Amino acid sequence: MGVPDGSLESVIAEYERKYRKHLIESIDDKNRPGGIFIPYDSIKGANVLDVACGLGWASINLALNGCNVQAIDLTPNAVNFVKNYAKYKNLKISVNEMSAEQLNFESNAFDFVLGWGFIMHTENPERALNELIRVVKPGGKVVIYFYYKHSISYWFNIFFIRGILMGYLIKYRGSSLRLISRFTDGQSFGGNTKTLVLTRSWFNKNVIFPDNVKITFTGWGPPSLIDNFPISKLPLGKYLPRKFKELISRRFGFGHICTIQKH
């Protein structure tokens, strides 16, 4: 489309406000969203890939960082939004409709690959994981955000409160997959089609060539999730010191970051 009208401009402004609010706990000392996980300084001018970009918060900030950005998503509306945003803001972002399980890029094509919040929703997460590793260059990094099974949110809020006390495990005939899918993304309108909770060992086990990579993990949470512990109607967690919540989040946070360094 041509120059966006006022309505699109207001949509873009509202989106910027919302993603910055949602990611406020991930900013670095230069006020960059995701900056505590994304190595902005070391990838200036680099070729980067944003997998399952959604409405493009990461693609936008990577482009503002001077990166040459390729972005992909399965949702046509998301692809069109990021294209229009990039055109409106004059950013170098190439966006295509594509599956993470079959990346149409050559091996060793990118200096940095980001997979933020998608791998737990894919039909074949093992294949998607190795596709991301395949397309990153030796010496490059892959950063993946995922939901962590051995977390307070999963075992207490989802499994114990909703699964056992509220009886959803009986309703779902013991299916933890249905339970997780119902009470993670989109729980206010019935949940998601498929949501997995993964472990650190899952990544180590499913990398095809483990000797070619170094895998590390960081819990994130974010820390504010602990505010509503034990339940939102009795949010005692908000009285805990911030440093203590950060400490818990780094090991038992529901949001986890997997960083893969390719040799």
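The values are calculated or read from the model by the stated rules, or taken from the named source; none is laboratory data. No experiment lies behind these values; they were computed from the predicted model shown. Cβ placement follows ideal geometry from the backbone for every residue including glycine, while neighbour counts extend to all protein chains displayed.
Quick notes
- Of all residues making up the range 208-229, the number that are in contact with a strand residue (DSSP E or B) (Cβ under 9 Å, 6 or more places away or on another chain), among the aliphatic types (A, V, I, L, M) and under 20 Å from GLY117 (Cβ atoms): 2
- Inclusion of ILE208 among residues that are in contact with a Cys (Cβ under 9 Å, 6 or more places away or on another chain), closer than 30 Å to LYS262 by Cβ, in contact (Cβ under 8 Å) with a residue 12 or more places away in the chain and surrounded by fewer than 18 Cβ atoms within 10 Å (Cβ to Cβ) is not warranted.
- Any chance SER94 is at pLDDT 95 or above and under 24 Å from ILE257 (Cα atoms): no
- Condition check for GLY186: at pLDDT below 95, surrounded by fewer than 14 Cβ atoms within 10 Å (Cβ to Cβ) and under 20 Å from the mean Cα position of the chain (by Cα): yes
- Meets criteria (surrounded by 17 or more Cβ atoms within 10 Å (Cβ to Cβ) and out of contact with any Lys or Arg (no Cβ under 6 Å at 6 or more places or on another chain)) for PHE118: yes
- Pairs, first over 15 Å from SER26 (Cα atoms) in the range 236-263, second buried (at least 17 other Cβ atoms within 10 Å of the Cβ) and basic (Lys, Arg), C-beta under 7 Å, six or more apart: THR259/LYS141; ILE260/LYS141; GLN261/LYS141
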